[in-house]
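Here the structure comes first, spelled out in structure tokens, and everything after it is commentary.
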């Protein structure tokens, strides 16, 4: 592509309304433009990235046995009424009436449409397992769209849905999607982790998020380098270790005055002790009943774990009024003397500790010398958010805490939708059963944004080769006629060898051109200037090079049979490898 | 693809709610399923056809210099208010409010969004001409969705928009799109005509429709086989020929009683004369003024031509009340004695005729012996709809009337949108001018439907090879283990040679399998049965063959080096040719 013809409005300034680096760089490098809040147009360069990602997704979904279909954006309300989500879903579901006064919505997801489709046509286990997927435009009316494509309202998503006759088959399908997702994000050239996650509004029995690792990520992940286990810190299982032996004080608990000292930090500072000597107490509403949750002062309670250990449907912080009535004044809550009707769930981190400080359920008073086992009816579970160095629940080695951006999410749905919508099938024993389902999403635009969050420097994007808009950015430095002819010859030669080349033939200063090349971040930059023209050399610069190390290569090399046969033999495939492929191409040239 | 795994619900019965053949066959062959009125899901086979069509479109749009982008489905009302169309567009534009009470609409077309985009980034003629296109989901809230994908509400469209600094450049771009459209529909294997058309609600100065020829087509086209000119009958230019010499009766016009005889047919029958002896008179409201339009009794007035010859903005049938007040009683309108304030526009077909019968503008009375030139202030123009055998306006040879389905439409917009939305550019003389625009649409789903309307028989679809879901339908006739092994070997061999193969490996009766193959209509059917197994032969049947002529080929041929090298050398490209490619492949096998 000649850059003089390309619709590529780059920007030097950082756009005022873009707070994250991927949003800034997507605007500056001319990949996207805003149409309305959370609604964007993909410009030519941005759409090329989207199409590269979708091509990888399609190949891997097909390889995993998925069949591609295309469902509509506009969905009839009646299907959502069947599943019960037309009312449940909340204001992210954009509902409207058509000209005949019938209710419709813009699809934020397609469980209802696809379940109705399969229900109408599949009657026997012989037609299963069946995995249908689409790559399609979705709409969620986010209250606060932000971060560009990270949290937009209209977005492109790959969503797949599997239907099975029994749990075993659904387990296998879930595993094959797990494998496909690994191949997809590996082929996209991304560092990522699959992590155990909560199921949220989609529902179901189990789910994993695929998180692209980036310091700017919104999600915290506890990852074990030893055994490979990873999970959202809310869910990461922490191995129970016996607490460090602590001298038994033997003292009974006693009141100490702590006027107006409510937070852990305040009390610790007031008493001059470490936060790990305090018991942090939080009161939750668990399916309508109060539960007192305790962790060591330097930890946090995970509501997701609490929900899981109590097999609860809903967990939320309890109302202050109920806390005051049922236990004591807010800010001075503790386990001692709590009515036995109220369950006390303590984290294992408190197990075996004594001589702790806890709220006394009386205003401005704490207790010292508390021994949970002795002084309360606490039960012990794993309910804390995982911390760095916490022992991995699988192998006991220390967790590392990583930041991630969720780009994919797979759900083991079970029969939530098939039951609600009567999607049954006859199994091999002749019984009519609800189909077992799974669903599997990938945010395509978000994957592009996450790739930028993970791969950039202060000058611009550094695209993984497999999803870069072009393989090579060819820069002509100077307007000299002989130079222009030489650059065009190199351009043609590269094209003829199957490379995708962005050729900067514009009548612009070298600084402008090189800045744009830095900003756009194609994997390989080839510059042709007057020195190169004189020496019959060109300059090759892999954009991933942190030090922007330049290498000079004899000009004739690019025309050589060696490059040509190299390209023919490899079909430029090394560019599809993540990691080292790019450098290898630079070296082989 | 193994048919035993494919989600392909075929139907034997003709669906009750499908009135046209393409809709029936798309449902029966498992290409689409209805989700709501005018809203469909593309099933795997249907989506394959869509993707083949879009791939051809993309290649040809890129070849013509187009750059692909992706604009949103959901569009802010403020852009439509700028162009004035938010109110103008009518109820097909589905308008709604988001959760923040801001007005949006579902995009039925994208002139506003793309004009705002280009306006914001293009300032100089040096960046022009620029053609941006997308392939994207659109929504038009049709009052009466019908004919399946022909007139749906949600549909996939390729829409392109060109921006130029002057008319000459826009003329060239229009021509290049004209050429690209020819290549697209040729490559889709369709018989079609580009015809002059009216601009409708998109507006602008000129437009051409691309009509796929099919007897079931809604549109009538006057086509000249001699010079290639074609136009909607509403617009087709008819060459002026001197009327046949008619004996001058010399008689003055005189009243004849025609009680209750209002229509042309009634009057002709009542008087016992041919309809071509009558003057048909219609009254129109042309930009707020009455105009009397006349054609020969056996012709029809074209409102589009009337609008054009009068350079009018709007033409519609006049209100009966105004007709009675201004001219005379409805049913007895004629040119004689009409007030000179009212223009009389007569078709050339009436020029030079005398002794005609016309309404007398009095109830139950006509005039005989009317001579338009002598008895009225009529002006003569070409305002009639073209008929079969009418002389072509370009070369004078006789028109043929064809039926067509509109699959594409290109518009020379001029400055309609750029003026309304202040999309200006500095031209090479330093002047700031409105950009000249064009827009260019193709209905993707409708192209698939039109292909079926044009190419089917009583048993099912006969796909043009380039857009067929699979190249070859391999049918295993029988469940014999040796046969199954042989069929699978042929399947693998075909796949390895780059063919797209749908392999019917199902445990079904031969009749069911062959009926499904007839219904689905892949270009080539290869059947392997017991006779084939015995003789080491397989049966090849091109689906286009009207007589379903079967040919037998030695089995070993398909395994042969000859087929392999044929495929390698041709990359199956003959299948991309329209027309004869398929037969050629059959023969070459």
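The values are calculated or read from the model by the stated rules, or taken from the named source; none is laboratory data. Everything quoted here is computed from the prediction, not taken from an experiment. In this analysis, Cβ positions are derived from the backbone assuming ideal geometry, glycine residues included, and neighbour counts consider all displayed protein chains.
Please find, within the range B:94-114, the residue that is surrounded by the fewest Cβ atoms within 10 Å (Cβ to Cβ) out of those that are more than 12 Å from chain A (Cβ to nearest Cβ) and in contact with a helix residue (DSSP H, G or I) (Cβ under 9 Å, 6 or more places away or on another chain). Walk me through it before giving the result.
As a first pass, look at the range B:94-114 and keep what is more than 12 Å from chain A (Cβ to nearest Cβ): B:108-109, B:111.
Add one more test, that the residue is in contact with a helix residue (DSSP H, G or I) (Cβ under 9 Å, 6 or more places away or on another chain), and what stays is B:109, B:111.
Numbers: B:109: 20, B:111: 26.
By that ranking, first place goes to B:109.
Can you tell me which condition residue B:178 does not meet? The list is (1) in the same structural domain as residue B:58 (by TED's automatic domain parsing); (2) touching a helix residue (DSSP H, G or I) at 6+ places or on another chain (Cβ under 8 Å), and all the others hold.
Every listed condition holds for residue B:178 apart from (2).
Would you check if residue A:139 is closer than 30 Å to residue A:16 by Cβ and more than 10 Å from every other protein chain (Cβ to nearest Cβ)?
Numbers: closer than 30 Å to residue A:16 by Cβ: yes; more than 10 Å from every other protein chain (Cβ to nearest Cβ): no.
For residue A:139, the condition - closer than 30 Å to residue A:16 by Cβ and more than 10 Å from every other protein chain (Cβ to nearest Cβ) - is not met.
Of everything in the range A:9-27 that's within 14 Å of chain B (Cβ to nearest Cβ) and closer than 20 Å to residue A:214 by Cα, which residue is nearest to the chain's Cα centre (by Cα)?
Here the answer is A:26.
If you take the residues in the range B:38-58 that are touching a strand residue (DSSP E or B) at 6+ places or on another chain (Cβ under 7 Å), assigned to a helix (DSSP H, G or I) and within 10 Å of chain A (Cβ to nearest Cβ), which one is surrounded by the fewest Cβ atoms within 10 Å (Cβ to Cβ)?
So, considering only residues that are touching a strand residue (DSSP E or B) at 6+ places or on another chain (Cβ under 7 Å), assigned to a helix (DSSP H, G or I) and within 10 Å of chain A (Cβ to nearest Cβ), the one surrounded by the fewest Cβ atoms within 10 Å (Cβ to Cβ) is B:58.
Scan A:148, A:84 and give me the residue that is under 18 Å from residue A:37 (Cα atoms), touching a residue at least 60 places away in the same chain (Cβ under 8 Å) and away from chain B (no Cβ under 12 Å). If you could, list the steps in order and put the result at the bottom.
On the way: A:84 fails: under 18 Å from residue A:37 (Cα atoms).
Residue meeting the stated conditions: A:148.
With the condition kept exactly as written, say whether any residue in the range A:120-134 is modelled with pLDDT of 95 or more, under 29 Å from residue B:93 (Cα atoms) and either buried (at least 22 other Cβ atoms within 10 Å of the Cβ) or not assigned by TED's automatic domain parsing to the domain that holds residue A:517 (or both).
Taking every residue of the range A:120-134 in turn, at least one turns out to be modelled with pLDDT of 95 or more, under 29 Å from residue B:93 (Cα atoms) and either buried (at least 22 other Cβ atoms within 10 Å of the Cβ) or not assigned by TED's automatic domain parsing to the domain that holds residue A:517 (or both).
State yes or no: is residue A:201 modelled with pLDDT under 95 and part of a helix (DSSP H, G or I)? Reasoning before the result, please.
Details: modelled with pLDDT under 95: yes; part of a helix (DSSP H, G or I): yes.
Yes, satisfied.
Among the residues in the range A:99-108, are any on the phi > 0 side of the Ramachandran plot, in a loop (DSSP other than H, G, I, E, B) and modelled with pLDDT of 95 or more? Walk me through it before giving the result.
Within the range A:99-108, the subset on the phi > 0 side of the Ramachandran plot is A:101.
Those left that are additionally in a loop (DSSP other than H, G, I, E, B): A:101.
When the remaining residues are screened for being modelled with pLDDT of 95 or more, the result is A:101.
Yes: one or more hits.
Looking at the structure I just gave you, is residue B:91 more than 21 Å from residue A:55 (Cα to Cα), within 8 Å of another protein chain (Cβ to nearest Cβ) and at pLDDT below 95?
Numbers: more than 21 Å from residue A:55 (Cα to Cα): yes; within 8 Å of another protein chain (Cβ to nearest Cβ): yes; at pLDDT below 95: yes.
Against the criterion (more than 21 Å from residue A:55 (Cα to Cα), within 8 Å of another protein chain (Cβ to nearest Cβ) and at pLDDT below 95), residue B:91 qualifies.
Which of the residues belonging to the range A:475-492 are in a loop (DSSP other than H, G, I, E, B) and under 23 Å from residue A:519 (Cα atoms)? Walk me through it before giving the result.
Of the range A:475-492, the ones in a loop (DSSP other than H, G, I, E, B) are A:477-480.
Answer for the range A:475-492, where residues must be in a loop (DSSP other than H, G, I, E, B) and under 23 Å from residue A:519 (Cα atoms): A:477, A:478, A:479.
Looking at the structure I just gave you, is residue B:189 under 30 Å from residue B:20 (Cβ atoms) and modelled with pLDDT under 95?
Details: under 30 Å from residue B:20 (Cβ atoms): yes; modelled with pLDDT under 95: yes.
Against the criterion (under 30 Å from residue B:20 (Cβ atoms) and modelled with pLDDT under 95), residue B:189 qualifies.
For the list (1) at positive phi; (2) modelled with pLDDT of 95 or more; (3) away from every other protein chain (no Cβ under 11 Å), I need the number of the one condition that residue A:65 fails.
Among (1) at positive phi; (2) modelled with pLDDT of 95 or more; (3) away from every other protein chain (no Cβ under 11 Å), residue A:65 violates only (3).
Can residue B:6 be described as facing chain A (nearest Cβ under 8 Å) and part of a loop (DSSP other than H, G, I, E, B)?
Criteria met by residue B:6.
Provide a single number: the residues in the range B:131-170 that are under 26 Å from the mean Cα position of the chain (by Cα) and outside any loop (DSSP other than H, G, I, E, B). Walk me through it before giving the result.
Of the residues in the range B:131-170, the ones under 26 Å from the mean Cα position of the chain (by Cα) are B:131-163, B:170.
Retained after the next criterion (residues that are outside any loop (DSSP other than H, G, I, E, B)): B:131-139, B:146, B:148-151, B:154-163, B:170.
Going through the range B:131-170 one residue at a time, the tally reaches 25.
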